C-alpha cells in the first residue's frame, strides 16, 4: 500500500513542494515512466508522480499507477496552487468532487459530473499539523490555514486530498511555503521521527466523522468544530454545491420532494464517498444553520432523515 503524491511542472505551488520533498532522505531511485510522466520511489511507502499538464487533467492516476507497477495505492495527495479573489496568502486542504453537476454538464475544472472521490481521512489531523508546522516556520499570521469545500477533479477512486499554496504568483513561488507543504507530507506520512498522522481505523475509539453541509467556500462553521475538537473530516459541501430551486407559493407544508435541483444528489454522493473512506465510522451531517433559509434547512433536514443520515451538533464531535 503506497501513498501517491502528484505534482505538475506547470505550477510552481506544485513542483516546488515536490522538489523540497525530493530533497529529503530515502529516495532510492527513479520509478517507471509512463504516458510521459516521471516517478520517484521512497522506501515502501511513498511515490511521487510528476507530469507536465494541468493538475486536474490526468484522470485515474491511482488506477494507472496500480496497472503500471502492481502496487496498491492507499491514498492520493495532489500538490497545487490556490487562487482567491482576496489574493490573501493561504495554505489550504480540501477533498475533491463535483457531486452537484448532472450528467452532460460541463466540468470546467476536471472531474466527472455527479462524482466525488473518497475524502482522505487524514485531512482533519493534517490541517492541525499544517498549522503547527506553518507556525514554526513563521508563516502565521501572514498565511491563513484553512479548509476549502469539495470541488473540482481530477477523477480518482482512492481517498484523495489537495494541498495548496495561495493565492498569487508571488506566494505560489515562496520557498518557505513549499518547504512547509513538503514537511507536512513528510511528517504526516510518518517518514520523519514521529508516527504517521491521521490513520483511520474501524477500531478507533473516536468514530464520528463530520460531513459538512452548507456555508461558504472556506466552510468557517465546520472549521470551528474541526479545529476545536480534532475530528475526522469527510466531504464539505458549500452552498454552491447544493443547488435548490425555490418553491412557488404553497398553502400546504413544503417537503423535500417539492424542491428541485441537484442538492439531494450532491448530499447522497458526498455521504456515500465519505462512508467509503471511513469504514465502520459514524457519518454525521454538520449543518451551517445560518447559511440556509428556513425552507432550505427544513428540506435538507427532512431529506437527511429519509436517508437515515444523522445530524450532529458541534458537541457531538467531541
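Per this entry, residue 194 is not counted among residues that are at pLDDT 95 or above, assigned to a loop (DSSP other than H, G, I, E, B) and surrounded by fewer than 18 Cβ atoms within 10 Å (Cβ to Cβ). Which condition number in (1) under 19 Å from the mean Cα position of the chain (by Cα); (2) within 30 Å of residue 240 (Cβ to Cβ); (3) in the same structural domain as residue 92 (by TED's automatic domain parsing) is the one that residue 182 fails? It fails just one condition, (2). Restricting 36, 70 to residues that are at positive phi and modelled with pLDDT of 95 or more narrows the list to 70. Looking for something farther than 27 Å from residue 170 by Cβ and assigned to a loop (DSSP other than H, G, I, E, B) - is there at least one such residue anywhere in segment 73-81? Scanning segment 73-81, I find no residue that is farther than 27 Å from residue 170 by Cβ and assigned to a loop (DSSP other than H, G, I, E, B), so the answer is no. Note on segment 201-223: among residues that are within 14 Å of the chain's Cα centre (by Cα) and in a loop (DSSP other than H, G, I, E, B), the one that is nearest to residue 298 (Cα to Cα) is 219.
A search for C-beta distances below 8 Å between a residue of segment 18-38 that is closer than 18 Å to residue 182 by Cα and any residue that is in a loop (DSSP other than H, G, I, E, B), counting only pairs 6+ apart in sequence or on different chains, returns 24/191; 26/43; 26/191; 28/43. Within segment 224-233, is even one residue more than 29 Å from residue 21 (Cβ to Cβ), part of a strand (DSSP E or B), in contact (Cβ under 8 Å) with a residue 24 or more places away in the chain and in the same structural domain as residue 289 (by TED's automatic domain parsing)? Looking for residues that are more than 29 Å from residue 21 (Cβ to Cβ), part of a strand (DSSP E or B), in contact (Cβ under 8 Å) with a residue 24 or more places away in the chain and in the same structural domain as residue 289 (by TED's automatic domain parsing), one finds none in segment 224-233, hence no. A count restricted to segment 133-159 and to residues that are surrounded by 15 or more Cβ atoms within 10 Å (Cβ to Cβ) and in a helix (DSSP H, G or I) stands at 2. Is at least one residue of segment 236-255 modelled with pLDDT of 95 or more, in contact with a helix residue (DSSP H, G or I) (Cβ under 8 Å, 6 or more places away or on another chain), over 20 Å from residue 98 (Cα atoms) and not assigned by TED's automatic domain parsing to the domain that holds residue 91? No, every residue in segment 236-255 fails to be modelled with pLDDT of 95 or more, in contact with a helix residue (DSSP H, G or I) (Cβ under 8 Å, 6 or more places away or on another chain), over 20 Å from residue 98 (Cα atoms) and not assigned by TED's automatic domain parsing to the domain that holds residue 91.
Does segment 203-211 contain any residue that is in contact with a helix residue (DSSP H, G or I) (Cβ under 7 Å, 6 or more places away or on another chain), surrounded by fewer than 22 Cβ atoms within 10 Å (Cβ to Cβ) and touching a residue at least 60 places away in the same chain (Cβ under 8 Å)? Within segment 203-211, one or more residues are in contact with a helix residue (DSSP H, G or I) (Cβ under 7 Å, 6 or more places away or on another chain), surrounded by fewer than 22 Cβ atoms within 10 Å (Cβ to Cβ) and touching a residue at least 60 places away in the same chain (Cβ under 8 Å). When the residues of segment 258-307 are filtered to those that are assigned to a loop (DSSP other than H, G, I, E, B) and surrounded by fewer than 17 Cβ atoms within 10 Å (Cβ to Cβ), which remaining residue is nearest to the chain's Cα centre (by Cα)? Going through the qualifying residues, I end up with 279. Comparison of 45, 67, 53 shows that the only residue that is in contact (Cβ under 8 Å) with a residue 24 or more places away in the chain, farther than 18 Å from residue 162 by Cα and surrounded by fewer than 20 Cβ atoms within 10 Å (Cβ to Cβ) is 45. No other residue among 306, 302 is over 28 Å from residue 159 (Cβ atoms), out of contact with any strand residue (DSSP E or B) (no Cβ under 9 Å at 6 or more places or on another chain), modelled with pLDDT of 95 or more and not assigned by TED's automatic domain parsing to the domain that holds residue 151 apart from 302. The requirement of being in a loop (DSSP other than H, G, I, E, B), surrounded by fewer than 23 Cβ atoms within 10 Å (Cβ to Cβ) and either touching a residue at least 40 places away in the same chain (Cβ under 8 Å) or not assigned by TED's automatic domain parsing to the domain that holds residue 94 (or both) is fulfilled somewhere in segment 160-173, by at least one residue. Within segment 1-36, the set of residues being surrounded by fewer than 20 Cβ atoms within 10 Å (Cβ to Cβ), touching a helix residue (DSSP H, G or I) at 6+ places or on another chain (Cβ under 7 Å) and within 17 Å of residue 69 (Cα to Cα) comprises 32, 34.
The values are calculated or read from the model by the stated rules, or taken from the named source; none is laboratory data. Predicted model, so just to flag it, every value in this text is computed and none were measured. Backbone-built Cβ (ideal geometry, glycine too); neighbour counts: all protein chains shown.
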